[in-house]
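The values are calculated or read from the model by the stated rules, or taken from the named source; none is laboratory data. Here the structure is a predicted model, which means the values were calculated and not measured. Because the Cβ atoms are built from the backbone with ideal geometry, glycine has one as well, and the counts that use them run over all protein chains shown.
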Amino acid sequence: MKKIILSIALLASVSATQAQKYFTRNGHLGFFSKTNMEDIKANNESVTYIVDWTSGEIQISALQTNFKFEKALMQEHYNENYVESTKFPKATFKGKIENVNAINIKKDGTYTANVSGSLEIHGVSKNYTTKATFKVSGGHVVAETKFNVKCADHNIKIEANLKNNISESIEITAKADLTELKK
Amino acid sequence: MKFKHFALTALLFQSCWAWSQTDTTSDLLSLLGEEDPIIYSTATFKSTRVINGQSIENVAGGVMDFRISHRFGTLNSGIHKFYGLDMASMRLALEYGITDNWMVGLGRSNVNEEVDGFTKIRILKQVESGPKKMPVSLSYFGSMVMRGTAWADPTRDNFFTSRLFFCNQLLLAKKVDDKLSLQLTPTHVHRNLVATSDIPHDVFALGVGGRYKVSRRLAVNAEYFKLLKDNIPGATNSLSVGVDIETGGHVFQLHLTNGSSMNEKGFITETTGNWNKGDIQFGFNISRVFTVKKPKGFQE
């Protein structure tokens, strides 16, 4: 009897430690700059997200050149002048869901949790904390959040004569439909 | 008993392993085995023209470029012609990116009442970093020009085809670093009608061009087209120097050159100015882009 219990415990713990990572390669990252002169919006629909529900770790990686702008010239300026994509091709986030135990990925529902960690843009890292929602339904977890980033914090210089066109504070939106990572 | 011990140890190990996992999974992303992305060189030149000649750049897909170009008279024409500024050659054009790699254009020049139509296609894109290597960018440019002026001799049989000129170019460009870009432009021009039988129909030339970026918004350019054979009477090689000034949606190109034509067959084979004699003309290109077809995700 003990043998059986132990075997089950062993098996259960094996599956518990392995089946806890969710990911996507088609996640969304967007940003929005609003000034009186103009609104600038960009979307990246091929962002990689991975979450480890055991540890609560979350990591995100986005290729700068995959941000699409309404105007091609904006996209060129973004990559060439501001984030310098040839030198710093990726934006990454490495952080933790603080109260990950509050999220039950086996039970459908909407959960909220604080995510905090380090965001690297333009080769400069800064720590952020944001409240995110996790919508669990049928094996999918849709994670979503919104927060603001200041250009100067990442050493992105806006020319004085463009301060009216490009906001100093950029709103970042993140959304990802995560599914289980099967080995 | 033995099994119990084994199982307990295994459990212990496993929980340790799980712990160590959670402590060291600082690179979860590597689990997905992503390979390094290919980063292509962009913005090798600021505009689709180096000065007179085509640059490796295309107008982006769905974007319309409205271009206004002027070449004034020569600086040595003196005060009575206000050093050339009283006279202007002009070209107006609409140029459109069908895709990011294929553009077409239609232009009208007042010199010889010419209409030009062209296409430019990317063949290779220089790779900055990544798993693929490509040291240069390569494009093909082809154009046709129709001259509209009255026939030189209306009494003989004149054919429409006699109005036509053709130009083929390969654009081979290298973005050396953030600031310096260079381009080689082997050129073939065919003229259907030439003045006398000893003037060639086919002309070959080699263009060299470059830009040096002074700041985010300002670049210095130079361009030279060398005729490979000296067999066109009076023709000189086209030499131009200038600056590119970029604002939001405009690029202003201001330059000094020695020819009036703003289409390829024109400035390459019909330039007659001599820099040493002061046949230098001030000119500008203004480019204004409009997004005609919004990219995916931005359509209303």
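Worth pointing out:
- Condition check for A:ASN101: at negative phi and within 11 Å of another protein chain (Cβ to nearest Cβ): no
- Residue that is more than 25 Å from B:ASP65 (Cβ to Cβ) and within 8 Å of another protein chain (Cβ to nearest Cβ), where the choices are A:LYS94, A:LYS107, A:LYS87, A:LYS41: A:LYS94
- Candidate set from region B:288-300 (those that are more than 10 Å from chain A (Cβ to nearest Cβ) and closer than 14 Å to A:LEU73 by Cβ); member that is nearest to the chain's Cα centre (by Cα): B:ARG288
Here is a yes/no grid of residues against (1) closer than 16 Å to B:VAL243 by Cα; (2) buried (at least 18 other Cβ atoms within 10 Å of the Cβ); (3) at pLDDT 95 or above:
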| site | (1), (2), (3) |
| --- | --- |
| B:SER26 | no, no, no |
| B:LEU31 | no, no, no |
| B:GLU35 | no, no, no |
| B:LYS46 | yes, yes, no |
| B:ILE51 | yes, yes, yes |
| B:GLN54 | yes, yes, yes |
| B:MET64 | no, no, yes |
| B:LEU75 | no, no, no |
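- Exclusive hit being aliphatic (A, V, I, L, M) and over 25 Å from B:LEU218 (Cβ atoms), set B:LEU75, B:LEU92: B:LEU92
- Being within 14 Å of chain A (Cβ to nearest Cβ), modelled with pLDDT of 90 or more and surrounded by fewer than 22 Cβ atoms within 10 Å (Cβ to Cβ) holds for only one residue in B:VAL241, B:VAL251, B:VAL214, and it is B:VAL214.
- Residue match in region A:72-83 (condition: within 11 Å of chain B (Cβ to nearest Cβ) and either in a loop (DSSP other than H, G, I, E, B) or basic (Lys, Arg) (or both)): no
Quick grid of which residues meet (1) under 24 Å from A:THR86 (Cα atoms); (2) aromatic (Phe, Trp, Tyr); (3) touching a helix residue (DSSP H, G or I) at 6+ places or on another chain (Cβ under 8 Å):
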site	(1), (2), (3)
A:THR110	no, no, no
A:ASN114	no, no, no
A:LYS126	yes, no, yes
A:THR133	no, no, no
A:VAL136	no, no, no
A:VAL141	no, no, no
A:VAL149	yes, no, no
A:ASN164	no, no, no
A:THR179	no, no, no
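- Taking the criterion of being farther than 19 Å from A:PHE69 by Cβ and within 13 Å of the chain's Cα centre (by Cα), the residues of region B:49-87 that qualify are B:ARG49, B:VAL50, B:ILE51, B:ASN52, B:GLY53, B:GLN54, B:SER55, B:ILE56.
- Within region B:217-238, tally of residues that are basic (Lys, Arg) and either modelled with pLDDT of 95 or more or touching a helix residue (DSSP H, G or I) at 6+ places or on another chain (Cβ under 8 Å) (or both): 1
- Entirely in region A:93-159, the strands (runs of 3 or more DSSP E) that have 1 or more residues that are over 16 Å from the mean Cα position of the chain (by Cα), of a type in the set (Val, Ile, Thr) and farther than 18 Å from A:THR48 by Cα: A:109-121, A:124-137
- Taking (1) surrounded by fewer than 17 Cβ atoms within 10 Å (Cβ to Cβ); (2) in contact with a strand residue (DSSP E or B) (Cβ under 6 Å, 6 or more places away or on another chain) in turn, B:PHE298 satisfies each apart from (2).
- Top-ranked residue of region B:148-176 - restricted to ones that are closer than 19 Å to B:ASN112 by Cβ and of a type in the set (Ser, Thr, Tyr), ranked as surrounded by the most Cβ atoms within 10 Å (Cβ to Cβ): B:SER162
- Screening A:LYS182 with (1) without any contact (Cβ under 8 Å) to a residue 24 or more places away in the chain; (2) assigned to a strand (DSSP E or B); (3) over 30 Å from B:SER129 (Cβ atoms) gives one miss only, at (2).
- Annotation: A:ILE50 fulfils all but one of (1) in a strand (DSSP E or B); (2) more than 9 Å from chain B (Cβ to nearest Cβ); (3) among the hydrophobic types (A, V, I, L, M, F, W, C); (4) closer than 21 Å to A:SER118 by Cα; the unmet one is (2).
- Taken residue by residue, region A:138-154 has at least one member that is in contact with a Lys or Arg (Cβ under 6 Å, 6 or more places away or on another chain), at pLDDT 90 or above and farther than 16 Å from A:LEU29 by Cα.
- Boolean, A:SER55 is in a loop (DSSP other than H, G, I, E, B), of a type outside the set (Asp, Glu), at the interface with chain B (Cβ under 10 Å from one of its Cβ atoms) and closer than 26 Å to A:THR129 by Cα: yes
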